[in-house]
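Beneath this line is the structure, given in structure tokens, with notes to follow.
No value in this document is a laboratory result; all are computed from the given coordinates. Here the structure is a predicted model, which means the values were calculated and not measured. Cβ placement follows ideal geometry from the backbone for every residue including glycine, while neighbour counts extend to all protein chains displayed.
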Amino acid sequence: MKLLGHVFIALSLGVASCAFAQTNLGDLRDAPSGKFKPADFEMLWAAVDEVSRGKTIGAVKKWENAATGNGGAIKLLEIFASTDGRDCRRLRIDNHAKSMKGSTKQVVCADANGKWMLDAGAQPAPKPQP
């Protein structure tokens, strides 16, 4: 099950990275996350978790896997409650795998157990009118 989650993340981040970099969907092999090993994804998600649990806009967490040469940085861009009341974050995710580089913006929301999950459809709830 954990491997399936890593595959989903690779596809999500890979497609987003390709779309951002090439303005078309491209191939997963053209995205840094397409080269990631399971340990890379564990480090990436640990960085996402650390930045997302914090409440400092602009906070950055870098990660690097010395064994693979892969790494990246996660930056907190926005904190919001979604229209269905979930705690969400908009992040900029910069990744590299050897000489490949990619950048994407993603939304993560906390599930009922406090685990951050990708949710491209999450939208900020309307602000209350004064």
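Quick notes on this structure:
- The residues of the stretch 54-79 that are under 23 Å from D111 (Cα atoms), surrounded by fewer than 17 Cβ atoms within 10 Å (Cβ to Cβ) and either out of contact with any strand residue (DSSP E or B) (no Cβ under 8 Å at 6 or more places or on another chain) or hydrophobic (A, V, I, L, M, F, W, C) (or both), listed by number, are I57, A59, V60, L77, I79.
- Tally of residues being loosely packed, with under 14 Cβ neighbours inside 10 Å and either free of Cβ contacts under 8 Å to residues at least 24 places away in the same chain or on the phi < 0 side of the Ramachandran plot (or both) across the stretch 90-99: 1
- Positions within the stretch 80-89 being buried (at least 18 other Cβ atoms within 10 Å of the Cβ) and of a type outside the set (A, V, I, L, M, F, W, C), in sequence order: R89
- Of all residues in the stretch 29-69, those satisfying the criterion of being polar (S, T, N, Q) and under 23 Å from S99 (Cβ atoms) are S33, N65, T68.
- Of the strands (runs of 3 or more DSSP E) entirely within the stretch 79-126, those holding at least 3 residues that are farther than 21 Å from K37 by Cα occupy 87-97, 100-110.
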